[in-house]
Amino acid sequence: MKLLSFHLHYVLIFVSVATSQGFISPAIRDGGRRAFTKRTITTTTQIEAYPPRKNGRGQGGKNKPNKSEDDDNYDPILDEPSGRRGDGRNWIEKSSPIGIGKLGGSTPDSSIPTSKQKDAEADGNYDLGMNGISFQTGALSTRMYDALMSVALKRFPPGTTSLPSELEDVYKLYAMDITAKEAVKAALDQNGMELASMNQDDPTNEDEGMWGDVESVQLIDMETGKVENENEIYESLDDAVEKGDWVPGQSFNFIVRNVSAKLKEMDISDLLTALDPEGSYREQAKEKGITLPDEDVVGLKELGKDCERRAKVAPWETQTNDSVYKGDSSKGYNIINRSDLLVDSRNRDGTENTPTLLHVMDALVNHGCLIVDLSDGGISSLGWNQISQMWEESNKFFDTIENDENAMNSLPKMEVAEGAGSPNAVVGFASYSDASMQFLETRIIREKDGSKDVVPAEFSAIVGTDGVNTFIDAFSFMTDVGKDVVRIAVAAANMEYDAFLGHDTDEKSIENENSSDLPFISGLTFEEAEVSGIGFDNESDEDEYVAADRLSSEAALNMVEELIDDSTHFEGNMNQGAVSMSPHRICKYVDRGKPTDKKNDDKKQKETFGAHTDTSFVTIVPVASVSGLEIFDESANKWFRPELLARMKWEKEAEERGLDPSLQTETIVKVEDGEEKEISLPWHARYMCMMPGELLQVCTRNEIPAAVHRVVSKTNGKARISSPVLLRARAGIVMDVKKYFGKKEAAGSLMNECDGMSMQEIHDTLQPSSYRS
């Protein structure tokens, strides 16, 4: 039994890693590729109005028709049309006759919740009857089982082609369970509902059987397509495998009880369809060049306008530190370790590490940011110490110019840096709104011999040589982390669009798509992405996909090294200037309040820097000691404060380690010159927040939207010092779609528009119309 438990545990953990990233629902299609944006579940099967009928609870749970009201099985409550929906083969009803309520509607209008009472009425446990032919459980189970086996066999010596007999039934049972669950998800979706989320912190919450109680299983003959034996009904999936000799690929009917479900939240596409069923307003918007929220932008100017629109429609209200949204227990809000992002952390075959890829995409797609722990959970002090020193120099800089008028006056206003290769390479100091927002824009000067300096020179005079070197080191460290995040995101998009698959495979996929009988019932959610999303037909297909994924990663790595300006000299860019295009800003935000402010107004927050997006690949924001950065969370549909989430995570870790969670510093042991010594580092210097910019939206084919973000300040509160890096492109280099993003036919109109353009031209086209001359 130990052997069996070990192998099943491995597969469950492998699946739960994908389960934890529940942000994707790719359509089931040949090739089984991954999609990273939220998709509406679609299906070929519709459950129509079900005639009044008793769901018999007799032996084996077999359905029995009603004969009359005098029949012992007659139940007038469950027989009401509002209590059950279906066609005899497929049906759904509330698990309990108490408080039945109506099911969610199947049309956009009827699926709109009108009140909290309706939500409470519809939410609860449901029983469903599922027909295996309707939901194609046979073909789906084959894909599930094959993928599970491909994972399991990797735990055995090379050349192993089959599992020990005692393990085979375990994997059959798990494949059968996943298949049943996916069918149920599709049925719920047809009725405007979805599975209620379970405990996100429990990695075992997706184990077999925990989503509902399956019973009354009937096996369908693979040749005739009919039930093998009407009188042979198995009490569970386990029985169907052990007693019925179920085999993968064999369809099966079943009943599942006590499925926890809730009304499905309407996505923006459903809402627009409900408001504009004829599509007339959509056509008017198209004529005016307006991109609606549920449409992909098709060009650079449209992308720029869409980012403007998203920033304008974001709520302007602010909240206190106590009431503002700080994320929840879902996996997209988890903090990732720095080491997980490294190129060296990729798989041995050169492909991206799947759990890391899923984590990065979940965070960026759904929440607009990824929080990185530079210390790997307090183990490493290198990056932590570098950022800590940068914070010291940032605070010294603002202390100096606040107390030394000559130092303040010496700083130049914003102007194009001398020797820059672009008019966008500006440096200098700016102060707005009575000094409520101040920032110094610095850039690194690169030399061919590898030496570096920082402009403006007046900044160097204030912070000194050591201060300049501290900022150069911090910039280098921050850009390395940012480049790794961009690499993973671009590789993921390349993989999703099969950008590096051969043309023969494309033709085969098209042919198979036209003739395939694979189910499109829900498009597997990424809960089973890694076990169901590969779908290789044979070993050569697997090799081809692995090769394509490796090329996707290599192309992404080339892109970040060649396109992103990390202040290094790149020989392939003949037109680059001496000044880096990626600025390092030193910012100070404060709301000093007004004499008329009431005494209790000191808890209020004021928007200091309005909502906007950045024309960057990523904007790297070291977590500050005073929170204030807010990102509009597309999934939660509210402003999200990542710095407060980082603090909460740190306090929880401190408590687990027996430390005082109210502390602002952490003591670590550092080895220097062979000797150990204790140093205290600020807690917040451990963390960085990565926000996707407009350039990353372009390079991921709209998969990752540019993050709408702003800065708020506490009235009469402590000033917030920030030191972000905006990772931008080398000005003179030209976009080569084929080199970095594979086949042009897989690139899309937005990407193909960029082909052959200089990164300077792309940057300028993305700017708001008010910025253009």
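Structure notes:
- Among the residues of the range 335-359, those identified as without any contact (Cβ under 8 Å) to a residue 40 or more places away in the chain and in a loop (DSSP other than H, G, I, E, B) are Asn347, Arg348, Asn353.
- Single match in Met688, Met757 (criterion: of a type outside the set (D, E, K, R) and surrounded by 23 or more Cβ atoms within 10 Å (Cβ to Cβ)): Met688
- Counted residues, the range 699-731 - those being hydrophobic (A, V, I, L, M, F, W, C) and touching a helix residue (DSSP H, G or I) at 6+ places or on another chain (Cβ under 6 Å): 9
- Considering the conditions (1) open to solvent by 40 Å² or more (accessible area, probe 1.4 Å); (2) within 30 Å of Gln760 (Cα to Cα); (3) not in a strand (DSSP E or B), Asp614 is excluded by exactly one of them, (1).
- Qualifying residues in the range 293-341 (those that are among the β-branched types (Val, Ile, Thr) and within 22 Å of Lys652 (Cβ to Cβ)) - the one surrounded by the fewest Cβ atoms within 10 Å (Cβ to Cβ): Thr320
- Looking only at the range 368-385, and only at residues there that are closer than 15 Å to Thr665 by Cα and among the polar types (S, T, N, Q), the one that is nearest to the chain's Cα centre (by Cα): Ser375
- Selection from the range 120-141 of residues that are buried (at least 18 other Cβ atoms within 10 Å of the Cβ) and either farther than 27 Å from Gly192 by Cα or not small (Gly, Ala, Ser) (or both): Tyr126, Asp127, Leu128, Met130, Asn131, Phe135, Gln136, Thr137, Leu140
- For the range 479-517, the tally of residues that are outside any helix (DSSP H, G or I), open to solvent by 10 Å² or more (accessible area, probe 1.4 Å) and either in contact with a Lys or Arg (Cβ under 7 Å, 6 or more places away or on another chain) or modelled with pLDDT of 95 or more (or both) stands at 2.
- The range 711-733: number of residues that are under 22 Å from Asn558 (Cβ atoms) and part of a loop (DSSP other than H, G, I, E, B): 5
- Here the range 630-644 is the region considered, the condition is being open to solvent by 10 Å² or more (accessible area, probe 1.4 Å) and of a type outside the set (Asp, Glu), and the residue that is nearest to Arg730 (Cα to Cα) is Phe632.
- Candidates Met408, Met390: the one that is part of a helix (DSSP H, G or I) and surrounded by 21 or more Cβ atoms within 10 Å (Cβ to Cβ) is Met390.
- Residue match in the range 218-232 (condition: within 32 Å of the chain's Cα centre (by Cα) and modelled with pLDDT of 90 or more): no
- Among the conditions (1) assigned to a helix (DSSP H, G or I); (2) within 24 Å of Asp543 (Cα to Cα), the only one that Glu166 does not satisfy is (2).
- Scanning the range 561-581 for residues that are over 18 Å from Leu726 (Cβ atoms), among the polar types (S, T, N, Q) and surrounded by 15 or more Cβ atoms within 10 Å (Cβ to Cβ) returns a single hit, Asn573.
- Residue match in the range 650-665 (condition: free of Cβ contacts under 8 Å to residues at least 40 places away in the same chain, assigned to a loop (DSSP other than H, G, I, E, B) and touching a Lys or Arg at 6+ places or on another chain (Cβ under 8 Å)): yes
- Pairs where the first residue, in the range 225-237, is within 14 Å of Gln250 (Cα to Cα) and the second is among the hydroxyl-bearing types (Ser, Thr, Tyr), C-beta under 8 Å, 6+ apart: Gly225/Ser251
- Inside the range 665-678, residues that are surrounded by 10 or more Cβ atoms within 10 Å (Cβ to Cβ) and either β-branched (Val, Ile, Thr) or in contact with a His (Cβ under 8 Å, 6 or more places away or on another chain) (or both) make up a count of 3.
- Search result, residues across the range 446-478 that are free of Cβ contacts under 8 Å to residues at least 60 places away in the same chain, assigned to a helix (DSSP H, G or I) and polar (S, T, N, Q): Ser460, Thr465, Asn469
- Hits in the range 734-754 (condition: open to solvent by less than 20 Å² (accessible area, probe 1.4 Å) and outside any loop (DSSP other than H, G, I, E, B)): Val737, Tyr740, Phe741, Ala746, Leu750, Met751, Cys754
The values are calculated or read from the model by the stated rules, or taken from the named source; none is laboratory data. Only a predicted model underlies this, so the values are computations on that prediction, with no experimental measurement involved. Because the Cβ atoms are built from the backbone with ideal geometry, glycine has one as well, and the counts that use them run over all protein chains shown. The accessibility values were calculated without ligands, DNA or RNA, using every heavy atom of the protein model including side chains. Shrake-Rupley method; radii C 1.70, N 1.55, O 1.52, S 1.80 Å.
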